[in-house]
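The values are calculated or read from the model by the stated rules, or taken from the named source; none is laboratory data. Every value quoted in this text rests on a predicted model; they were computed, and no experiment measured them. Note: ideal-geometry Cβ built from the backbone for every residue, glycine included; neighbour counts use all protein chains shown. SASA here: full protein model, heavy atoms, side chains in, ligands and nucleic acids out. Shrake-Rupley method; radii C 1.70, N 1.55, O 1.52, S 1.80 Å.
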Amino acid sequence: MRDPNANIAPSFYIFLESLMKLMTLSPTTAVATLTVTFFAAGMTVAFAQDPAAEAIEKIPTPQEQLKNFTLAPGYEVNLFASEVDSPLFNPMGMAFDEQGKLWVITSPTYPHLAPGKDPKDKLLYFEDTNGDGVADRHTVYLDDLLIPTGLALDTDGVYLAQQPNIWFVQDTDGDGKADSRKVVLQGFSVEDSHHSTSAFTWGPDGSFYFNEGVFLYTQVETPYGPKRSRDAAVHRFKPSTQRFDVMSHRDYNNPWGIAFDRWGQSVISDASDGNHYNFAAVISAFDYPAKIIPPDTMLKRGRPMAGNVIVSSRHFPDDVQGTHLNNQSIGFQGTRWDRLIEEGSGWRTEALPDLIQSSDSTYRPVASAFGPDGALYILDFCNPRIGHMYFSRNEVNRDYSHGRIWRITATGRPLLKMPKIRGESPERLLELLREPENHVRHWARRFLQKGVASEVMPALENWVAALDKKDPEYAHLLTEALWVYEGRDIVNKDLLNQVLGLEEPMARAAAVRVIRHWLVADAITDEEGIKLLAKHIVDESERVRLEAVTATGFLKSPEASELAVYASTLPMDANMRTAIRQTLKALAKYGEPTSDLGRRFALKIIPLEELRALPMDPLVAEIILRRPDCSKEEKESAMEAAMKEKNLSRARILVDAIGIRRVPRTDYHRSPE
């Protein structure tokens, strides 16, 4: 029998050899290489196995796997690409460009580089040149990568995550392969590839968003100062200004997905525990290293979940537009489907039949995207082992040579055709903002955001002026125009006020999110921000009020906390209450609320220990009498103090304490005095 300790000495010497090589590397690269080598060597020592051992769990061929699928009625699946005729090994992320090419990052190196080995990971793209739904051409765009975990396609290149950096990669000579790359961001944590930056997704604002998991500590130096996150976050990067911000700093486990709808609202998916959140509820201001007060989850169907997407394709039936899809890769191998129903400050959900499920445990869906033809494409990591905590890299069932892309279509419904975008005039691109498909509007908008100003701006101004207010899409088109201005870093207050004044609450919510971005970037003053937000702190839509409360957290003004608590005069769901609490916490350094309204709300939500430590006054006594978490003895002391201070009877104090009722308001759009 083979001695399991036989690999220790070779691994140790390989590790020492790697340390010697660090002398020739830059400090950042050296740290990254040392980290992955250390973990690889440690795993090899701890879990050394016989290299001649055969895998027990076999991976079915693509044709065999097709027989294992069960789909929702009215849908069918075919193989788009696989390892059989391309180097599609351990695919981890994908995205479609404006010409319909499907870009994929692969990582047979994952979860860490083995000692003495060279990384062979790739960025490649697939093409379906004859439109039959099957890739017939692939091109390796960039080779010899080390565990790339995310990609964002732009009009002139690719943003690519390879810890500790994010690169911008370009093909400058037109041969279809990268020949230029530069670091645009650095300082991302490298301790754990399983939790590293991933799920790159463009927002409508000209920025892309990406996530990072727990156990990681990131510090990125930017032109605007250092930005830090720890133990999971959602990041936002705007290429036009090189602005990098920590957008969400709640206590996620490992968020592997974020999906935007047509109004710029989004759902974020936490892989490890399977919780999903309304993104607007997790973007409150915070002071590093503190985490925000966690909001309620909106959806949990299983775990782990990865690569969520919101349906936006006329190839799919009308009644599923705007629904939410997410992939589960352990226990249930398939794609969950849920309807999003507007409720309060966000959504509630309603389960739909699962879109697809495999009976084979090696099917590992990790990403989804709607293609130019309207079909849904699902990336399959295709591996008996996807974890790295419980299994060694050398575990016999871990695979490095498989990967698939599956394509789901709606039976009998016509496919779509991607309109031409590159090279089109600004006038044509603006008309494409009317298209129902999110990916078409994204690319039209992105070319407008980056186009030549002397060509785009006159066309944009004329287009906005010519919009018909009776058009059912008027509110959405005006919002699209606002996003084009935002993506071009132009503060158009007149257009912003137009959108804020629309009857459509989703448009108003989008406009308030723009105010938040402007405040973070110091593009408007606090005085301007207060004037813009005051009206919408009491907006008739709770979703708009939530956006206004979180935006208020970025004001640097003593009046900001008073503005935030004014939202408490209207009905609040749990996430609204949490957002106000977190906003007041972040604003405390600029001043606590001083009005009775502000103090009353603050006292109602502070932890009991803090309430007990406050000097007794009539308002503190009232809150103690009303709070159910205060003891009988504390209520008695509060009663005695209130009777003495106010010179009133016990009965009158009790009636005043429990008899206060909120009077419903109807003048929602009136600014606070």
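Mean residue ellipticity, 222 nm, helices only, the chain: the sum of -39500 (n - 2.57) across DSSP H runs of n ≥ 4, divided by residue count and rounded to 500, is -9000 deg cm²/dmol. The convex hull of the Cα atoms of region 81-190, projected and averaged over all directions, covers 7.4 nm². Summing Lys and Arg as +1 and Asp and Glu as -1 over all other residues whose Cβ lies under 10 Å from the Cβ of residue 243 gives a net charge of +1.
In straight-distance terms, cross-link reach from residue 67 covers every one of the lysines whose alpha-carbon lies under 21 Å from its own, apart from those fewer than eight places away in the same chain; here that gives 58. A protection proxy built from the mean count of other Cβ atoms within 10 Å ranks the segments 225-231, 97-103, most packed first, as 97-103, 225-231. In the chain, the longest principal axis of the Cα atoms and the axis of helix 542-552 are about 90 degrees apart.
Carbon-plus-sulfur accessible fraction, region 285-333 (probe radius 1.4 Å, protein heavy atoms only): 53%. Would you mind checking the pairs 585/646; 101/417; 493/531 and listing those with alpha carbons more than 19 angstrom apart? Over 19 Å apart, Cα to Cα: 585/646. Between the residues 533, 281, 651, the greatest Cα displacement towards the positive end of the dipole of the chain, with unit charges on the Cβ of Lys, Arg, Asp and Glu, is found for 651. Is the shape of the chain rounded, prolate or oblate, going by the alpha carbon gyration tensor and its root eigenvalues a ≥ b ≥ c, with a/c under 1.5 for rounded and a/b larger than b/c for prolate? Verdict is prolate for the chain. For region 419-574, the solvent-accessible area of protein heavy atoms averages 37 Å² per residue (probe radius 1.4 Å; ligands and nucleic acids excluded). Let a ≥ b ≥ c be the square roots of the eigenvalues of the Cα gyration tensor of region 415-571; is it rounded (a/c under 1.5), or, if not, prolate (a/b larger than b/c) or oblate? Judged from the Cα gyration tensor, region 415-571 comes out prolate (a/c at least 1.5, a/b above b/c).
For region 473-591, the fraction of 1.4 Å probe accessible surface lying on carbon and sulfur atoms is 51 percent. On a 0 to 90° scale, report how tilted helix 453-466 is relative to the longest principal axis of the chain, with both axes built from alpha carbons and the result rounded to the nearest 10. It is inclined by approximately 50 degrees. On a per residue basis, region 341-408 carries 31 Å² of accessible surface, using protein heavy atoms and a 1.4 Å probe. Using only Cα atoms, locate the centre of region 314-360 and the centre of region 477-499, then give the distance between them in Å, rounded to an integer. Here the two parts' Cα centres lie 32 Å apart. When region 221-263 is described by a simple charge dipole with +1 on each Lys and Arg Cβ and -1 on each Asp and Glu Cβ, the residue from 235, 257, 224 located farthest towards its positive end is 224. Only protein atoms count toward the accessible area here, which uses a 1.4 Å probe; on region 196-239, the carbon and sulfur part of that area reaches 50 percent. Here the contact order of the chain, divided by its residue count and restricted to Cα pairs under 8 Å and six or more residues apart, works out to 11 percent.
Taking other residues whose beta carbon is less than 11 angstrom from the beta carbon of residue 508, and scoring Lys, Arg as +1 and Asp, Glu as -1, yields -1. With a cut-off of 10 Å between beta carbons, the residues surrounding residue 146 carry a summed charge of -2, where Lys and Arg count +1 and Asp and Glu -1. Rounded, prolate or oblate, given the Cα gyration tensor of region 286-372, with a/c below 1.5 counting as rounded? Because a/c hits 1.5 or more and a/b fails to exceed b/c, region 286-372 counts as oblate. Solvent exposure of region 263-321, expressed per residue, is 29 Å² of accessible area, with all protein chains present and a 1.4 angstrom probe.
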